[in-house]
1. Only four residue types carry charge here, +1 at the Cβ of Lys and Arg and -1 at the Cβ of Asp and Glu. Report the dipole size of segment 66-114 about the Cα centre in Debye, rounded to the nearest 20.
2. If you place +1 on the Cβ of every Lys and Arg and -1 on the Cβ of every Asp and Glu, how big does the dipole about the Cα centre of segment 26-112 come out, in debye to the nearest 20?
3. Sequence-distant or interchain residues sharing an amide H contact under 5 Å with K20, placed H: which?
4. Averaged per residue, what accessible area in Å² does segment 26-112 show with a 1.4 Å probe, protein chains only?
Amino acid sequence: MAHTPGQPVSAVVQRIEIKKLRQGDHLILGFSIGGGIDQDPSQNPFSQNKSDKGIYVTRVSPKGPADEAGLKEGDKIMQVNGWDMTMVTHDQARKKLTKKNEDVVRTAGHQKVVGGSCQAVDGPVAQTIATTT
């Protein structure tokens, strides 16, 4: 369903806890990110208006920790372990996600739902907020 400019858009905000998988000295999250304030937003396939410099999930490894926790490709990461991720560089976001001394990553992110109410939401905690674009 396409969005009509000026009409309300619903966004589902999810809080997801990802337990990192330990493989030797490495902690695996099972997803990749794109975006950041230092990146070209026109290259972001998940930005609707091609000006959003947010951090987005670009890939989720099947059956990996992020997949098991409910993270989806295209999710926008707004917060990691209490840190605001809305105005960070790509490298700053990567460093916050991959801290060696943290076995768990708690994210807050959102998905847009266009043209209606949010009927079904996956994930441990979800909240619907109304926004306009």
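1. Result for segment 66-114 is approximately 180 debye, rounded to the nearest 20.
2. 20 debye
3. V104, V105
4. On a per-residue basis, segment 26-112 sits at 55 Å².
The values are calculated or read from the model by the stated rules, or taken from the named source; none is laboratory data. Note that this is a predicted model, so its numbers are computed, not measured. Cβ coordinates were reconstructed from backbone atoms using ideal geometry, including for glycine residues, and neighbour counts include every protein chain displayed. Areas reflect the complete protein model, heavy atoms only, side chains present, ligands, DNA and RNA absent. Shrake-Rupley method; radii C 1.70, N 1.55, O 1.52, S 1.80 Å.
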